[in-house]
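Just so it is clear, none of the values below were taken in a lab; they were calculated from the coordinates. The shown structure was predicted, so the numbers you read here are calculated from the model rather than taken from an experiment. Every residue, glycine as well, gets a Cβ built from its backbone with ideal geometry; the counts of neighbours run over all protein chains shown.
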């Protein structure tokens, strides 16, 4: 258990930061799931719209240090590839 005032403050800060990070990661996963669902439904227009909404969210998460920038690039690349494949399957 923390004894000093600075250690107690660090515990409070860590708790706040953890809660914020959990919330932000949950929000990010929700955006990814929306793209996945749109791809699964086969609707290219919905998938494109969901991907367009996801892009700034991922970029913001990378800027804030929530996720690594390479993870952002990889996710966007793979999801956009799948969205394009959805459009090709319809044509």
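Once you have a ≥ b ≥ c as the square roots of the Cα gyration tensor eigenvalues for the range 9-62, tell me rounded if a/c is under 1.5, and otherwise prolate or oblate according to whether a/b is larger than b/c.
Details: a/c = 6.68, a/b = 3.05, b/c = 2.19.
Because a/c hits 1.5 or more and a/b exceeds b/c, the range 9-62 counts as prolate.
Return the equivalent ellipsoid semi-axes of the chain as a descending list in whole Å, where each equals the square root of 5 times an eigenvalue of the C-alpha gyration tensor. Don't skip to the answer; put the middle values down first.
Working: eigenvalues 288, 27, 13 Å².
Ellipsoid half-lengths, sorted descending, are 38, 12, 8 Å.
Among 14, 63, 45, the largest mean-square fluctuation in a Gaussian network model of the chain (Cα springs under 10 Å) belongs to 14. Fully extending the segment from residue 21 to residue 52, taken as 0.36 nm per residue of separation minus the present Cα-Cα distance, adds 8.9 nm.
Label sites at residue 82 and residue 1, each approximated as a point 7 angstrom past Cα along Cα to Cβ, lie 4.8 nm apart.
Each Cα pair under 8 Å and six or more residues apart adds its sequence gap; the mean of these over the residue count of the range 5-90 is a relative contact order of 29 percent.
Please give the contour-minus-distance gain from residue 29 to residue 41: 0.36 nm per residue of separation, less the Cα-Cα distance, rounded to one decimal in nm. Each step should come with its number before you reach the end.
Details: separation 12, 0.36 × 12 = 4.32 nm, distance 1.82 nm.
Value of the extension gain: 2.5 nm.
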